[in-house]
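Just so it is clear, none of the values below were taken in a lab; they were calculated from the coordinates. Treat the numbers as computed from the prediction; the structure is a model and nothing was measured. We place every Cβ from the backbone using ideal geometry, glycine too, and count neighbours over all the protein chains shown.
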Amino acid sequence: MEKYQSGATTPALCTEYSLSKGGVLKLLRDEGAQLRCQPLTDEQVREATALYGDGKSLAAIAKHFDVSYNGVRQAFVRAGIQRRPRGGSRT
């Protein structure tokens, strides 16, 4: 919980402790942590859009920003960014 309170992201904790995001969140809730939602900033969404336009996958973009795949997907939905059909670029 200390690392999370110090600013570590849930994806980083998932990797460090080999846990699923749900597992990390459950542990944090059980410890009474105040969970935070850190959506991409407008600037990050612009950068993510450019990366996506260059052929990067949502997974690669999520790794670049150290956020979840779903966080990138939701940012694109909110911004109205058209997504490629599935099975596209794997970069």
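Find the residue count for the range 61-78, including only residues that are surrounded by 14 or more Cβ atoms within 10 Å (Cβ to Cβ) and in a helix (DSSP H, G or I).
Final tally of qualifying residues: 12.
List, please: which pairs have Cβ atoms under 7 Å, are six or more places apart or on different chains, and start with a residue in the range 25-48 that is assigned to a helix (DSSP H, G or I) and end with one that is surrounded by 10 or more Cβ atoms within 10 Å (Cβ to Cβ) and of a type in the set (Gly, Ala, Ser)?
The qualifying pairs are VAL45/ALA75; VAL45/ALA79; ALA48/ALA75.
Out of LEU40, LEU35, LEU58, LEU27, I need the residue that is over 12 Å from the mean Cα position of the chain (by Cα) and surrounded by 15 or more Cβ atoms within 10 Å (Cβ to Cβ). Which one?
LEU27
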